[in-house]
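One structure is given below, encoded as structure tokens.
The values are calculated or read from the model by the stated rules, or taken from the named source; none is laboratory data. Being a predicted model, the structure only gives us computed values, none of them experimental. Every residue, glycine among them, receives a Cβ derived from its backbone with ideal geometry; neighbour counts consider all protein chains shown. Side chains are part of the model used for accessible areas, which takes the heavy atoms of the whole protein and leaves out ligands, DNA and RNA. Shrake-Rupley method; radii C 1.70, N 1.55, O 1.52, S 1.80 Å.
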Amino acid sequence: MSLGIAARTYFLLRNGFMTGPDALAQDRRGGEMVAGANFGGRRWSWKNLSALVRLVKLGISYPQLRSTLFFIDRNADVVIAPGAKVTIGRELRIMRDVTIRVGGELVLGDRVFFNRGCNLNVLRRVVIGSDSLIGEMVSIHDDDHAIGAEFDGTPMGERPMIVSDVVIGSNVWIGSHCTIVRGVHIGDGAVIGANSVVTRDVEPRTVVAGAPARLLRRI
């Protein structure tokens with residue numbers, strides 16, 4: 001199922017929602033909010049209740065989706081394959097032009113934020129902890145093409161996919177245009193500098209940057 005299509009079809013409260021300064025709310029105009037509760041201290045209204053009913057309908061239609069309230073901006077595209085499993089925490093925000101493909105298991109904590117143009121591909125399992133911020137144009141994949149002498153002569157597109165879990169901790173900030181490759185674990189509170197390629201595990205509360213990413217300092 002395409003969650004982006006589902007959001008426009010089933011739901012919702014249009015023109016975004018208020019969680020902070022007016023400037024943030026203005027940036028979300030034209031988006032979609034899938035709501036199971038009020039946001040930002042707003043009072044219940046018939047729109048909230050209507051969104052809750054539609055969220056329940058979505059859960060019945062697509063039992064592989066476990067979610068509370070979330071926001072999808074315009075031109076975002078989220079596709080969940082049959083048999084995949086998605087668990088979404090509270091107040092997920094997916095901004096415009098984000099592409100998410102889930103064929104395995106995706107677990108998102110509370111208040112995860114995907115900025116514009118991110119690409120997330122899940123063939124096996126990706127976990128992103130609560131309060132993590134994913135910058136613009138970040139690419140996260142738990143898969144890549146097999147390489148090695150045994151595959152010489154085999155076109156790249158015909159080689160098997162190698163998959164490994166990606167785990168991103170809580171309160172992580174990933175700067176814009178970063179690439180997170182399969183098998184990487186990023187510890188809680190880590191910061192990934194812009195344009196980095198993360199090819200190995202990142203310790204909690206550290207700053208890394210570069211291609212490949214290397215330790216700059218501890219925080």
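Some values worked out for this structure:
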| read-out | value |
| --- | --- |
| Residue match in the range 203-217 (condition: closer than 25 Å to residue 103 by Cα and of a type in the set (Ser, Thr, Tyr)) | no |
| Single residue of 198, 207, 166, 191 found to be in contact with an Asp or Glu (Cβ under 6 Å, 6 or more places away or on another chain), open to solvent by less than 40 Å² (accessible area, probe 1.4 Å), on the phi < 0 side of the Ramachandran plot and modelled with pLDDT of 95 or more | 166 |
| Pair list, Cβ under 8 Å, 6 or more apart: the range 189-217 residue within 15 Å of residue 138 (Cβ to Cβ), other residue of a type in the set (Lys, Arg) | 190/205; 208/214; 213/200 |
| Residue check, residue 148 more than 15 Å from the chain's Cα centre (by Cα), farther than 25 Å from residue 83 by Cβ and at pLDDT 95 or above | no |
| Residue among 159, 74, 101 that alone is farther than 19 Å from residue 200 by Cβ, surrounded by 17 or more Cβ atoms within 10 Å (Cβ to Cβ), touching a residue at least 12 places away in the same chain (Cβ under 8 Å) and not small (Gly, Ala, Ser) | 101 |
| Filtered residues of the range 79-100 (kept if within 16 Å of residue 141 (Cβ to Cβ) and either in contact with a Ser or Thr (Cβ under 8 Å, 6 or more places away or on another chain) or part of a loop (DSSP other than H, G, I, E, B) (or both)) | 79, 81, 84, 98 |
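Condition check ((1) within 10 Å of the chain's Cα centre (by Cα); (2) within 15 Å of residue 78 (Cα to Cα)) across all residues:
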| position | (1), (2) |
| --- | --- |
| 94 | yes, yes |
| 123 | no, yes |
| 130 | no, no |
| 169 | no, no |
| 177 | no, no |
